[in-house]
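First comes the structure, then the notes that go with it.
The values are calculated or read from the model by the stated rules, or taken from the named source; none is laboratory data. Note that the structure is predicted; figures quoted are calculated from it, not measured. Heads up: the accessible areas ignore ligands, DNA and RNA and are worked out on the full protein's heavy atoms, side chains in. Shrake-Rupley method; radii C 1.70, N 1.55, O 1.52, S 1.80 Å.
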Amino acid sequence: MGVLDAFGSLASALLAGVVMLAFAILSLFVTVVVVDVAAGIGRLNPDDSYVVLGATILASAAIIAGGVGFAVPEGET
């Protein structure tokens, strides 16, 4: 049963990776819309590359901040 457990663990890790990648891409799209709307509210007309850059920085910071809590071992808080 050890081989089947290993394949199950591998499959679950791959599935989790695909789901996390999909959520990261979705969060980037949502953040692009938010940054674009916020620039419109502020009566700014930034270039599209700056909107994508700002959204990428915000989305990556949110993803990193969300994963920081998992880096601490369970017994050490």
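What is the percent of Cα-Cα separations in the chain that go past 14 Å? Of all Cα-Cα distances in the chain, 72 percent exceed 14 Å.
Note on the chain: GNM, Cα springs under 10 Å; of Leu44, Leu21, Leu58, the largest mean-square fluctuation is that of Leu44. In plain terms, the chain from Ser12 to Tyr50 could stretch by 10.0 nm, reckoned as 0.36 nm per residue minus the Cα-Cα distance. Summarise the accessible area of the chain (1.4 Å probe, protein heavy atoms) by the percent that is carbon and sulfur. After summing per-atom areas, the C and S share lands at 75 percent. For the pair Ala22 and Ala61, the difference between a 0.36 nm per residue extended length and the Cα-Cα distance amounts to 12.4 nm. Computed with a 1.4 Å probe over protein heavy atoms only, the accessible surface of the chain comes to 82 Å² per residue.
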